[in-house]
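The values are calculated or read from the model by the stated rules, or taken from the named source; none is laboratory data. Bear in mind the structure is a predicted one, so any value in this text is a computation, not a measurement. With ideal geometry, Cβ positions are generated from the backbone for all residues, glycine too; neighbour counts draw on all protein chains shown. Side chains are part of the model used for accessible areas, which takes the heavy atoms of the whole protein and leaves out ligands, DNA and RNA. Shrake-Rupley method; radii C 1.70, N 1.55, O 1.52, S 1.80 Å.
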Amino acid sequence: MLRYYGHFEGDATTYRGAGEVAAYKAAKDALMQFRQRVVEASLLKPEELDAVDAEVKTSIARAAAHAKSAPMPLAATLMTDVYNRY
């Protein structure tokens, strides 16, 4: 499995050939493989999958906007539900 990103933030990944990651994503991306297989099997139409993609993007944008507009948590609650005691 190929790591899409470098070893650390700011890693220029000069050790990879041009287009290596893009080619790997095109050939091995699980979501793209799923899309291709269900369309080839006539289980879903590309338009239906496009609609799902759009709905997910909208949902993510809505969740991100909600998180950004939410008040900061109280300091006393920052560690709540972080560790399981059992």
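Within the stretch 27-48, residues that are closer than 28 Å to Arg3 by Cα sit with their Cβ atoms under 9 Å from residues that are open to solvent by 90 Å² or more (accessible area, probe 1.4 Å), at 6+ positions apart or across chains, in these pairs: Lys28/Met1; Arg37/Leu43; Val39/Lys45. Of the helices (runs of 4 or more DSSP H) entirely within the chain, those holding at least 1 residues that are surrounded by 10 or more Cβ atoms within 10 Å (Cβ to Cβ) and modelled with pLDDT under 85 occupy 20-28.
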